[in-house]
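S.K.: Have a look at the structure that comes next, please.
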Amino acid sequence: MPPLGQGRHADLRLYDMGVHIIMRFPVSPKVRAAAYRMIASLPGVTAVGEVTDPLGRRGRAVSIPRTTDTGESEGVDRLVVDAETGLPLALEHTNAPDPSRQGAAGFSYEAVKKTGWTDEKPDLPANGRGSEDAAG
């Protein structure tokens, strides 16, 4: 595997860092916009257009394929964004089928239901999980 600073690995690393900023940090709209511009400029990133995320919300998406060092497909990542607010809706990953294990393609996602700024401490359940997670 080439060092992370070279070629395709560097592009995927930049994509992952941009997604990390967008999905997990409380950044300003200007910083989020800069991360979107960086992601859009990377080789291999494709504008998908309007899509529905796993929670049924409409947004615009970009995708990037993931490949092994030998060029075999590992799947596709897709970032879904609310076109009106610029806020992230979901990050989806579709795994490629694994012929060596007779495996079918898999699908996983992270969805953002709510984001915002506050000075107040969150009111978490005693077990530290969200109310919807605590039931299941």
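The values are calculated or read from the model by the stated rules, or taken from the named source; none is laboratory data. If you're wondering where the values come from, they're calculated on a predicted model, not measured in any experiment. Counting neighbours? That spans all protein chains shown, and the Cβs are built from the backbone with ideal geometry, glycine included. Areas reflect the complete protein model, heavy atoms only, side chains present, ligands, DNA and RNA absent. Shrake-Rupley method; radii C 1.70, N 1.55, O 1.52, S 1.80 Å.
S.K.: Residue under question is residue 85, and the condition is that it be of a type in the set (S, T, N, Q) and open to solvent by 60 Å² or more (accessible area, probe 1.4 Å); does it hold?
M.R.: So residue 85 passes the test.
S.K.: Return the pair list, or none, for Cβ contacts closer than 7 Å from residues in segment 5-22 that are over 20 Å from residue 72 (Cα atoms) and open to solvent by less than 60 Å² (accessible area, probe 1.4 Å) to residues that are of a type in the set (D, E, K, R) and modelled with pLDDT of 90 or more, at least 6 apart or on different chains.
M.R.: 22/32
S.K.: Assess whether residue 77 counts as being surrounded by 11 or more Cβ atoms within 10 Å (Cβ to Cβ), under 22 Å from residue 12 (Cβ atoms) and modelled with pLDDT under 85.
M.R.: So residue 77 fails the test.
S.K.: Might you let me know whether segment 105-113 holds any residue that is outside any strand (DSSP E or B), modelled with pLDDT of 85 or more and open to solvent by less than 80 Å² (accessible area, probe 1.4 Å)?
M.R.: yes
This table checks each residue for (1) at pLDDT below 95; (2) in a loop (DSSP other than H, G, I, E, B); (3) open to solvent by less than 40 Å² (accessible area, probe 1.4 Å); (4) not hydrophobic (A, V, I, L, M, F, W, C).
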residue: 27; (1), (2), (3), (4): yes, yes, yes, no
residue: 34; (1), (2), (3), (4): no, no, no, no
residue: 38; (1), (2), (3), (4): no, no, no, no
residue: 56; (1), (2), (3), (4): no, yes, no, yes
residue: 61; (1), (2), (3), (4): no, no, yes, no
residue: 89; (1), (2), (3), (4): no, no, yes, no
residue: 100; (1), (2), (3), (4): yes, no, no, yes
residue: 116; (1), (2), (3), (4): yes, yes, no, yes
